[in-house]
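The values are calculated or read from the model by the stated rules, or taken from the named source; none is laboratory data. Because the structure is predicted, anything quoted here is derived from the model rather than measured. Every residue, glycine as well, gets a Cβ built from its backbone with ideal geometry; the counts of neighbours run over all protein chains shown.
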Amino acid sequence: MSRILLGVAGGIAAYKACLLLRRFTEVGHEVTVVPTPNALNFVGETTWAALSGRPVHTQVWADAHAVPHVTLGRAADLVVVAPATADLVARAASGRADDLLTNVLLTATCPVLMAPAMHTEMWLHPATQANVATLRARGVIVLDPDSGRLTGADTGPGRLPEPSEIEQVALSLLDSSVTGVARSRDLEGVRLTVSAGGTREALDPVRYLGNASSGRMGLALARAALLRGAEVRVVAGAITAAVPGGAELVEVVSTADLAEAMTVAAADSDLLIMAAAPADFTPASPSQGKLKKQGDAPLTVRFTQTTDVLAGLVRRRRPDQVIVGFAAETAGSASELMELGRAKLARKGCDLLVLNDVSGGAVFGAADNRVVILDPRGVVDTVAGDKNIVAHRILDAVATSRKSNR
Ligand code: CTP
């Protein structure tokens, strides 16, 4: 159980912070809510109190004997401000202490995560961008907003990321090694393309051959790289969750589409990660019309092999590019798993191979993963746990590999 202080600024997205609060409490964290006076125009104190099960702090002047403007910030393990409005970002950047939340921000020594939400013009305004840069330089972790529908009919960057997205980033920051790399933005300037999810090969216009991949590992890698300052593009097959805000999305269906999209992406990427689960076989001649039953006769479909996307990327790589592959293996023992991994790394020729045991389908769609990271010299790291934490350890291995490549 950690103590999370949830700061809420005065924007319409304050209602989404109720869902975020629920998510934190459901996984057992103690949440104290500090809304700004303007936030109370959108969601009242009663709602925050009922959802958090704790007193809500709204003013510097209340409970003065307990010195809340100092104690609240000091007591927290993590401060999350969602939504962070343009005004809140500006006040925090200039070190103001004109309400309880800005006092908290000046006294908190724990990690601070801000999820901005505002109209596109306000987000893109040089003043806001300069304030965000100031906050980041000081170690505040500021998420990029989502793009999409805003309050009115307008669309663009400025939406509050989904509560599940903020939750995943926030909880990963409870791990101190993640906080360190998020604060230092050690992947700033790195252009990453990561593939995620399963591909689908059409049998006929309505049926396809697919697989159980959820895309969670690829999305966790995208999320982790964004947090560390990278420019991220996700080439996504079938995925079960949204792509994190700030990432570019390229959608594909089949392995052939994936091969094409990755080849295009490779031209301007420093780092390529193949976390997708491409189908290895595709129907030799997909039916133009819907396949019909032919009496009791069984259906026979001939499949041909698809292109090996990863092997193609390795063949055409630039000397400064780092390429990471995944290996999904069903092995009878740990030593057999390692043998399969070493052989696949040698066959594919990538810089790093993330090896996981998928016996029983345990990994697909799950929140956790257990992986061994290999390079041509041997085991680099072994990690088990939440896919977001695993993603950071993979990126740590990538950062080391990039240094030794130079
Ligand atoms: N991969 C790829 N193109 C394919 C199949 C897989 O680029 N047509 C990539 C995967 O994204 C992964 C790596 O290759 O990064 C290994 O995938 P995996 O399914 O473990 O191995 P395969 O190459 O399919 O080999 P096999 O099924 O024989 O183990």
Breaking point among (1) part of a strand (DSSP E or B); (2) within 12 Å of the ligand (Cβ to nearest atom), for residue 381
(2)
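Could you grab me the full set of residues in the range 1-45 that are polar (S, T, N, Q) and touching a Lys or Arg at 6+ places or on another chain (Cβ under 7 Å)?
Passing the criteria: only 32.
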Filter the range 287-338 down to the residues that are in contact (Cβ under 8 Å) with a residue 60 or more places away in the chain and under 19 Å from residue 373 (Cβ atoms), then identify the one that is surrounded by the most Cβ atoms within 10 Å (Cβ to Cβ).
324
Quick one: residue 220 ticks every box in (1) more than 12 Å from the ligand (Cβ to nearest atom); (2) closer than 18 Å to residue 313 by Cβ bar one, so which box is it?
(2)
So how many residues does the range 104-137 have that are without any contact (Cβ under 8 Å) to a residue 40 or more places away in the chain, touching a strand residue (DSSP E or B) at 6+ places or on another chain (Cβ under 9 Å) and closer than 22 Å to residue 177 by Cβ?
3
Hits in the range 282-306 (condition: outside any loop (DSSP other than H, G, I, E, B) and near the ligand (Cβ under 9 Å from one of its atoms))
305
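Would you tally the residues in the range 307-327 being out of contact with any strand residue (DSSP E or B) (no Cβ under 7 Å at 6 or more places or on another chain), more than 8 Å from the ligand (Cβ to nearest atom) and within 14 Å of residue 273 (Cα to Cα)?
Filtering the range 307-327 for residues out of contact with any strand residue (DSSP E or B) (no Cβ under 7 Å at 6 or more places or on another chain) gives 307-308, 311-312, 315-316, 318-320.
Pick out the ones that are also more than 8 Å from the ligand (Cβ to nearest atom) and you get 315-316, 318-320.
Retained after the next criterion (residues that are within 14 Å of residue 273 (Cα to Cα)): none.
Going through the range 307-327 one residue at a time, the tally reaches 0.
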The correct count of residues that are of a type in the set (A, V, I, L, M), within 15 Å of the ligand (Cβ to nearest atom), crowded, with 20+ Cβ neighbours inside 10 Å and not in a loop (DSSP other than H, G, I, E, B) in the range 223-258 is 5
Do we find that residue 88 is of a type in the set (A, V, I, L, M) and under 22 Å from residue 174 (Cβ atoms) in this structure?
no
Across the range 259-281, the tally of residues that are touching a residue at least 24 places away in the same chain (Cβ under 8 Å) and in a loop (DSSP other than H, G, I, E, B) stands at 8
For the range 311-320, does any single residue satisfy the condition of being modelled with pLDDT of 95 or more, closer than 17 Å to residue 234 by Cβ and of a type in the set (Val, Ile, Thr)?
no
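For (1) modelled with pLDDT under 85; (2) in contact with a Phe, Trp or Tyr (Cβ under 6 Å, 6 or more places away or on another chain); (3) within 16 Å of the ligand (Cβ to nearest atom), each residue gets a yes or a no:
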| site | (1), (2), (3) |
| --- | --- |
| 329 | no, no, yes |
| 344 | no, no, yes |
| 349 | no, no, yes |
| 354 | no, yes, yes |
| 359 | yes, no, yes |
| 373 | no, no, yes |
| 389 | no, no, no |
| 394 | no, no, yes |
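Tell me the helices (runs of 4 or more DSSP H) entirely within the range 1-117 that contain at least 1 residues that are of a type in the set (S, T, N, Q) and either surrounded by 15 or more Cβ atoms within 10 Å (Cβ to Cβ) or at pLDDT 95 or above (or both).
Numbers: elements: 14-26, 45-52, 68-75, 86-93, 100-107.
Result: 14-26, 45-52, 100-107.
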Give me the pairs, please: first residue somewhere in the range 56-85 and on the phi > 0 side of the Ramachandran plot, second residue anywhere and assigned to a loop (DSSP other than H, G, I, E, B), beta-carbon distance under 8 Å, and either six or more positions apart or on two chains.
63/57
